[in-house]
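The values are calculated or read from the model by the stated rules, or taken from the named source; none is laboratory data. It should be emphasised that the depicted structure is a prediction, and the values quoted were computed from it without experimental measurement. With ideal geometry, Cβ positions are generated from the backbone for all residues, glycine too; neighbour counts draw on all protein chains shown. The accessibility values were calculated without ligands, DNA or RNA, using every heavy atom of the protein model including side chains. Shrake-Rupley method; radii C 1.70, N 1.55, O 1.52, S 1.80 Å.
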Amino acid sequence: VQLQAFGGGLVQPGGSLRLSCVASGSIHSINVMGWYRQAPGKQRELVATDTSGGITNYADSVKGRFTISRDNAKNTVYLRMDSLKPEDTAAYYCKLSSGNWLQYAYWGQGTLVTVSS
């Protein structure tokens, strides 16, 4: 399984971006797709996840501003980011966890989001 992320860039505070992550390969029907981020000098943290059953979860810091969604037919997960803040600046990584016990984990390459005026 391979993941490829797209959509990062430079945006002004208050602006919006949409990230996409496409998974290829044999993917178990039970899976969770999600986004994580890592700012310079900080640990990687969860941003949002979306299960194959349609349950979403968000970090408190992005609730109400970010929206995760997925297109199962395209094996793609999206992250719509609105009202961006400078503290959202980070490398964003997509992750696929799959298997009956979510025992398999795959990471995509990071895509950099910079929020600055």
Could I have the simple spin-label model distance between Gln4 and Ala59, label points 7 Å from Cα toward Cβ, reported in nm to one decimal? 2.6 nm
What lysines could a cross-link reach from Lys95, if we take a straight Cα to Cα line under 16 Å and drop same-chain neighbours fewer than 8 places away? Lys74
Residue by residue through segment 95-100, which ³J(HN,Hα) values in whole Hz follow from phi under the Karplus form 6.51 cos²θ - 1.76 cosθ + 1.60 (θ = phi - 60°), with glycine and proline marked x? 9, 10, 10, 8, x, 4
Given a 1.4 angstrom probe, what's the average accessible area per residue across the chain, in square angstrom? 53 Å²
Over the chain, what relative contact order in percent results from Cα pairs under 8 Å that are six or more residues apart? 37 percent
Over the chain - Rg/Rh using Cα atoms and the Kirkwood inverse-distance radius: 0.96
Would you mind giving the three semi-axes, in whole Å and largest first, of the ellipsoid equivalent to segment 61-100 according to its Cα gyration tensor? 23, 12, 9
Taking θ as phi - 60°, what are the ³J(HN,Hα) couplings along segment 15-28 by the Karplus curve (6.51, -1.76, 1.60), each to the nearest whole Hz, with x for Gly and Pro? x, 10, 8, 10, 9, 10, 9, 9, 9, 10, x, 7, 10, 5
Convex hull around the C-alpha positions of segment 12-75: the volume in Å³ per residue is 124 Å³
Sorted by accessible surface (1.4 Å probe, heavy atoms of the protein chains only), largest first, Lys95, Lys42 come out as Lys42, Lys95
Separation between Cα centres of segment 9-42 and segment 60-108, rounded to whole Å: 4 Å
With a 1.4 Å probe and every protein chain kept in, tell me what percent of the accessible surface of segment 1-71 is carbon plus sulfur. 48 percent
Express in nm, to one decimal, how much length is gained between Ala39 and Asn72 on full extension, taking 0.36 nm for each residue of separation and deducting their alpha carbon distance. 9.0 nm
Taking 0.36 nm per residue of separation and subtracting the Cα-Cα distance, what length does fully extending Ser20 through Thr51 add? 9.6 nm
